[in-house]
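Novice: The structure's right below; bear with me while I get my questions together.
The values are calculated or read from the model by the stated rules, or taken from the named source; none is laboratory data. These numbers were taken from a predicted model, which means no experiment stands behind them. Cβ placement follows ideal geometry from the backbone for every residue including glycine, while neighbour counts extend to all protein chains displayed.
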Amino acid sequence: MKNSAIQHLRVIRFTLQRLRNTPIASLLNILVIGIALSLPIGGYVLLKNVQGLAEQMAGTPQISAFLAMGTGPDEIARISKQLKDHAAVDHIEFVPRDLALKQLQLSTGLADVVGGLSQNPLPDAFIIYPIALDAQKLELLRDDLKSWPKFEHVQLDSAWAHKLEALLKFARLAVLILAAMLSFALVAITFNTIRLQILTQRDEIEVSKLIGATNGFIRRPFLYFGLIQGMLGGAAAWLIIASSLFLLNYSLAGLVQLYASSFTLKHLSLGDSLTLLGFSSYLGWLGAWLSVSQHLWQIEPK
């Protein structure tokens, strides 16, 4: 176990030395990987920020539930408790019918007309603020509330939620397609890099096989090379995205001040950053494995 770990550490050190021996070629490959990865990842980051901004601009979704006329205080208190205990409800506001009538007088400018009514035609109502912002979940909550016996009418304006969801779904698909295409390109880059290394070291590989080296032993440095190169490419992509967001936030600062807003573009979370490094490392390893599997068996000692 200890000897195996030492061998792996030696291979890693040898791989890093190989990268240092060809600094320009290694740097160019890492930059190509970083730039290619930064395009879909940057789109993902901007998409998350736009989603948060759009939700802020659209406001918190509300469901208006109007009670049937004649609903007593005890029933109102019972319904209020049920709403507060509901798993999909964040918080609620109760709007008494008298307060609703006063708000109608102030908002419509028809105080004389409203004041001339013989009785208040407006019902008591609850303004319900859901936890979820997803259009489908909002409609499920609305349909659930419609089945409650004392609710005369339940209203939800979900058109904005459907539009936002459709737009985000399209943007996610576009980012996914771009990520898939560039991932294939990165695998091809690593594949070709390892192929050239195998051809360059053909004589060395033949000698290693003559003295009894296994394919696994010969394959290991190439796999580590692809993995480390991919990981460094992921780190380069992270730095490119961080630098771009810094510059964009610097330019955005003056604009948001005009609108008295504190909006800033948020960077990748820790989990997303680790996923980026892991994914880029895997792509590098995959390209190296495909290349080694394709070319190593063709080299046999003469």
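Novice: Given the structure, is LEU199 part of a helix (DSSP H, G or I) and closer than 21 Å to ARG13 by Cα?
Specialist: No; evaluated as a whole, the condition is false for this residue.
Novice: Then there's this: For residues in the range 35-66 being modelled with pLDDT of 85 or more, assigned to a helix (DSSP H, G or I) and not aliphatic (A, V, I, L, M), which is surrounded by the most Cβ atoms within 10 Å (Cβ to Cβ)?
Specialist: SER38
Novice: Here is a further query. Of the residues that make up the range 276-290, is at least one in a helix (DSSP H, G or I), among the polar types (S, T, N, Q), in the same structural domain as ALA179 (by TED's automatic domain parsing) and modelled with pLDDT under 90?
Specialist: No - not one qualifying residue is present in the range 276-290.
Novice: Then there is this: If you check LEU145, LEU133, which single one turns out to be at pLDDT 80 or above, surrounded by 15 or more Cβ atoms within 10 Å (Cβ to Cβ) and under 27 Å from ALA100 (Cβ atoms)?
Specialist: From the options LEU145, LEU133, the qualifying one is LEU145.
Novice: Does any residue in the range 170-195 that is closer than 23 Å to LEU296 by Cβ come within less than 8 Å, Cβ to Cβ, of a residue that is surrounded by fewer than 18 Cβ atoms within 10 Å (Cβ to Cβ) and modelled with pLDDT of 85 or more six or more places away or on a different chain, and which pairs are these?
Specialist: Once the first residue is closer than 23 Å to LEU296 by Cβ and sits in the range 170-195, its partners that are surrounded by fewer than 18 Cβ atoms within 10 Å (Cβ to Cβ) and modelled with pLDDT of 85 or more give VAL187/LEU290; ILE189/VAL32; PHE191/LEU290.
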